[in-house]
Amino acid sequence: MITMKREIRNLAITIFLLITLSLNGFAAEPNDGFLEYQVDGIKVIQIQDSFENFAVMNLYYEISKDQQKYPGGVDYLLMRTLLKGDTQKYTNTEIGDLKNRHIIQFNNLANYTYGALCIKFYKEDLQLVGQLLKEIIFANKLTESEFLEEQKQVYTKLSSIGEEEKILHRIRQNYYRSHPLSSPAAGTPVSIMQIDFPTLQEYYQQLILTGKLTIVIFGNFEKSEVEAALAGIKVDQRDKFEKLQIAIPTIDQSVEFIDSDQSFVAAYSNYQAKSTVELVGLHIIQEYLARRLYEVLRRELGLAYTVNVQIEVGELNTLEIKVVSDQGYLVGKTILQEMIDLLNSDIYDHDFEQVVRRFLTNFYLSLEDKERYADYVGEGLLLGFSPEGLLTFLDGPEMQEVGLYQRIARKLLANLVITYVGSYSDKEKIEIQTMSKEFEK
């Protein structure tokens, strides 16, 4: 069984890769196997790889300001409906047979920045994959009956989540309030049922058929082969595409309580990085906190059953800490103490330096993952970043600057809200609030 420490480390590497590639692309020029061109209104990024028969093709559509008028989860519901529907050339059963016979895997992704269809396949099936992409996304019949069936299934799935996940959704909503980040990407049971078929059709027209699309393909192909596979796919892009702007939410209070039979502590904060170095620093802090909370709360004090620390990436990054324990006071105090310790220069002499070295080493090793690589490049392009200068800063003096991490930690502390879930008496609540105010001084 993988240890918690390893799980946290792998998660940190994954998110770090995503952010780094998002903001910088990767250090490859066309003569090094990287091509960028247009095919009938769609930007194509081709990463040539001569080592494997396996290939990846990802289609991304950017979320625009139009997203604000649609109920939450509309992109998730749309992509599910497209993947289950008949097209002009194939029935859904025929598509399923082709996917099974040729071992082609489809997966849809969505967050508040983009939606995506990710396809994994053997390189010999490139032309077939291009045909399936054209049929499923651009020649789909998109019937109301299929929409209603998928809506029912999504509603059932979202309604059946456990009590702990419902509480986490509530904590997120309390933290972000009316902010776009307050709802999960898949929506909620209420928002899913607010979507009618005309709304889905309008979203499909605006965000995909006339949207801002990018295809990232990673495999051993000639440019002419990719162009042939995508022939016939045409997007009539709108003249004006306004990107969804994400504002920074305001924080009213640093402590909240939720009465429940569940017992855990959840801490939320956010950070808007202004440079790639700051983003990397944020994820290194994430790994440091994960390591420290695991060691202190589980190994030294034996206070926690599980410890999870993660970053949700995007233009505004969310730090999430969840500790399953019925010792809320001590857990909250430890979280605050470890974050405040990041303002102290003494910790950077040895322990923190090891975290940085291990993190960057694992980052280099993780670049070998083709599917992940393609995904991160695609999101980076959607965020408007050029594919240049990926690794140059990692060995530079910026990553050793103590002030970088102190700056990030200070902002995280200012935006931090800790929610105590469980059965707390009035006396215990007062003790926790008093302790929190002492740290704020």
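Observations, loosely collected:
- Under the condition of being charged (D, E, K, R) and not in a helix (DSSP H, G or I), the residues counted in segment 396-441 number 2.
- Selection of segment 163-205 for residues being part of a loop (DSSP other than H, G, I, E, B) and not basic (Lys, Arg) yields Ser178, His179, Ser183, Pro184, Ala185, Ala186, Gly187, Thr188, Gln194, Ile195, Asp196.
- When Leu133, Leu128 are checked against the criterion of being free of Cβ contacts under 8 Å to residues at least 60 places away in the same chain, surrounded by 16 or more Cβ atoms within 10 Å (Cβ to Cβ) and outside any loop (DSSP other than H, G, I, E, B), a single residue qualifies: Leu128.
- Pairs with Cβ under 7 Å, 6+ apart, first in segment 288-311 and in a helix (DSSP H, G or I), second among the acidic types (Asp, Glu): Leu289/Glu338; Arg292/Glu338; Leu293/Glu338
- In segment 177-208, of all residues being without any contact (Cβ under 8 Å) to a residue 12 or more places away in the chain and over 26 Å from Ile136 (Cα atoms), the one that is surrounded by the most Cβ atoms within 10 Å (Cβ to Cβ) corresponds to Ser182.
- Residues being among the basic types (Lys, Arg) and part of a loop (DSSP other than H, G, I, E, B) - total across segment 214-234: 1
- Residues that are farther than 24 Å from Gly73 by Cβ and of a type in the set (Asp, Glu), drawn from segment 84-109: Glu94, Asp97
- Within segment 68-79, restricting attention to residues that are surrounded by fewer than 20 Cβ atoms within 10 Å (Cβ to Cβ) and in a helix (DSSP H, G or I), the residue that is modelled with the lowest pLDDT is Gln68.
- Only one of Glu164, Glu94 that is at pLDDT below 95, out of contact with any strand residue (DSSP E or B) (no Cβ under 6 Å at 6 or more places or on another chain) and more than 22 Å from Thr199 (Cβ to Cβ): Glu164
- Qualifying residues in segment 315-363 (those that are part of a loop (DSSP other than H, G, I, E, B) and free of Cβ contacts under 8 Å to residues at least 60 places away in the same chain) - the one farthest from Gly403 (Cα to Cα): Gln327
- Scanning segment 100-123 for residues being modelled with pLDDT under 90 and more than 17 Å from Phe218 (Cβ to Cβ) gives a total of 7.
- Scope segment 401-435; condition polar (S, T, N, Q) and surrounded by 19 or more Cβ atoms within 10 Å (Cβ to Cβ); matching residues: Asn415, Thr419
- In segment 92-110, residue surrounded by the fewest Cβ atoms within 10 Å (Cβ to Cβ) [restricted to those that are closer than 21 Å to Lys152 by Cβ and out of contact with any helix residue (DSSP H, G or I) (no Cβ under 8 Å at 6 or more places or on another chain)]: Thr93
- Boolean, Leu282 is over 20 Å from Ile171 (Cα atoms) and under 17 Å from the mean Cα position of the chain (by Cα): yes
- Any hit, segment 213-225, residues being more than 20 Å from Ser160 (Cα to Cα), surrounded by fewer than 22 Cβ atoms within 10 Å (Cβ to Cβ) and either outside the structural domain of Ile161 (by TED's automatic domain parsing) or in contact with an Asp or Glu (Cβ under 6 Å, 6 or more places away or on another chain) (or both): yes
The values are calculated or read from the model by the stated rules, or taken from the named source; none is laboratory data. Everything numeric in this text was worked out from a predicted model, so none of it was measured. As a convention, Cβ positions derive from the backbone with ideal geometry for all residues, glycine included, and neighbour counts pool all protein chains shown.
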